[in-house]
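Just so you know, all these numbers are worked out from the coordinates, no wet-lab data involved. Because the structure is predicted, anything quoted here is derived from the model rather than measured. Positions of Cβ are backbone-derived with ideal geometry, glycine not excepted, and every protein chain shown enters the neighbour counts.
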Amino acid sequence: MTDKAVSGAQNLLINCVGLDKGETILLVSEEYGLGYFDDTVPLAIAETARHMGATVLTMSTPRANGPDDVPEALGAAMLHVDHTVFMNRIGDQMRFRELPGHGTKTMIYTLDNVILGSDAALFPHPFMKEMVGRFNSEMATRKRWRVTCPAGTDVSGDMPEVSTVSDKADSSFSVNLFPICVHRPVPANSMNGQIVLNRFVTGTNTHAYSPEVFHLESPITVTVADGHAVDLQGDPEVVDAFRAHSKMVAELFDLDETQIHSWHAGLNPGTIYNGKAVDDPVRWNGMIFGSPRHLHFHTCGDYPPGEINWHVIDPTVSFDGEEFIRDGEVRMFLSDETADVRTRFNITKTQLRTNQSIGL
Ligand SMILES: [Fe+2]
């Protein structure tokens, strides 16, 4: 384990989980061999927790089919510990539910020890919390939003008076998230324009289904009217196959595949992905959603995050004409508006430039 991975684990355990000496912490990992989280991550976190004087319990589970398919033994274990940390997609699946016990619950997105030791996990947790909080508050005061990307996406919509969507980075969650890396999702019900899809669309880690990935052999342009996909343009064979995939997922869960529920961009400039996205787009999505080079739409469902994610790369995100994110850089974090927070945590603007290594 590298010194940096230890620092990342300490940031998680001290600043996010709030682990104290003498407390008990349950680490929930995924069944050996699933290949989503690297097996060294639970080991690194366990070792760091033990060094801090905590009692570490570990449990691994098979992949759950959905939020209602969680082992009872896991719920029972959570009743008897001070803290639970999920390095397991069950944490994501359960984040909208009431969870048993009074201990803290935290879902982590560091898939391997390189990411655990990367800037994404080393920015002090309270720093990211404050920066993302500023983004959320400022965004909430605006009336209109617009998202564009170099591939041709250009959609816009109204900001709701009070955001009714809660997802990652929202304090109303039953599960804390580490590292903090996205703003509150923006509802898409008033969205109009066009979205250009490239490469692939993926599942959202809510329900398991197969195949979770649909590869696009050529780009598709989706026309969006009031938050619904009303037309698809592109190679007819690709369009037909895309429609068939979307319909397959919708029918599995009785959903409307044309519905686009909401979207968010990544806000953690240190986010990286070491592999190639195309080799495992689901795993890639599970980490890279935190990069400012990435924005995804929650589609196929009337709840966040839906069942299919549509991905946009290097977005520009404006609110009332002001660019909060430009070509995958969080302008707001580099601006005078957040200078006081940067100074307090001794973080330079250079550190807040987006890491370009996102597996593409
Ligand atoms: Fe999302």
**Request:** At 24 Å minimum axial length over the Cα atoms and a Kyte-Doolittle cut of -0.5, report the qualifying DSSP H helices in the chain, or say none.
**Result:** 236-253
**Prompt:** What does the charge count near Met87 come to, summing +1 for each Lys or Arg and -1 for each Asp or Glu among other residues with Cβ under 15 Å from its Cβ?
**Reply:** -2
**Complete:** Here the Cα Rg-to-2.2 N^0.38 Å ratio for segment 135-266 is 1.12
**Request:** List the GluC sites (Glu not before Pro) within segment 35-120 that fall in a DSSP loop (any state other than H, G, I, E or B) and whose Cβ has at most 14 other Cβ atoms within 10 Å.
**Result:** Glu98
**Request:** Take the Cα radius of gyration of the chain and divide it by 2.2 N^0.38 Å, with N its residue count; two decimals is plenty.
**Result:** 0.96
**Asked** By how many nm would the segment from Ala208 to Asp158 lengthen if fully extended, with 0.36 nm per residue of separation less the alpha-carbon distance?
**Response** 14.8 nm
**Request:** Would you mind telling me which residue in Tyr273, Tyr32, Tyr303 has the biggest mean-square fluctuation in a Gaussian network model of the chain, where springs connect alpha carbons within a distance under 10 angstrom?
**Result:** Tyr32
**Complete:** Straight-line reach check, Lys21, cutoff 13 Å on alpha carbons, 8 or more apart in-chain or any other chain, hits among aspartates and glutamates -> Asp82
**Request:** In nm, give the distance between the simple-model label positions of Asp320 and Asp226, each being 7 Å from the Cα along the Cα-to-Cβ direction.
**Result:** 2.7
**Request:** Mind giving me the nanometre distance, one decimal, between the label points for Leu43 and His80, set 7 Å out from Cα along Cα→Cβ?
**Result:** 2.7
**Complete:** Pseudo-spin-label distance Tyr303 to Thr343, built 7 Å along Cα→Cβ, given in nm, is 4.6
**Prompt:** Nearest 0.05, what FRET efficiency do Gln351 and Ala140 give at R0 = 30 Å with Cβ-Cβ as r?
**Reply:** 0.70
**Prompt:** Using the Cβ atoms and a cut-off under 9 Å, what net charge is assigned to the surroundings of Ser156, where Lys and Arg are +1 and Asp and Glu are -1?
**Reply:** 0
**Prompt:** When the chain is treated as a GNM, springs tying every alpha-carbon pair under 10 Å, which of Gly75, Gly266, Gly91 comes out with the largest mean-square fluctuation?
**Reply:** Gly75
**Message:** Which of Ala208, Ala73, Ala339 ends up with the largest GNM mean-square fluctuation for the chain, with Cα atoms connected below 10 Å?
**Reply:** Ala73
**Request:** Might you report the magnitude of the Cβ-based charge dipole of segment 3-117 about its Cα centre, with Lys and Arg at +1 and Asp and Glu at -1, to the nearest 20 debye?
**Result:** 200
**Prompt:** If you take the Cα Rg of segment 3-117 and divide it by 2.2 N^0.38 Å, with N the number of residues, what do you get?
**Reply:** 0.98
**Message:** Take the chain, mark every one of the trypsin sites (Lys or Arg not before Pro) that falls in a DSSP loop and has at most 13 other Cβ within 10 Å, then report the longest stretch left between them, sites excluded.
**Reply:** 144-275
**Asked** In this model, which of Lys276/Lys349; Lys4/Lys129; Lys105/Lys129 are farther than 24 Å apart at the alpha-carbon?
**Response** Lys276/Lys349
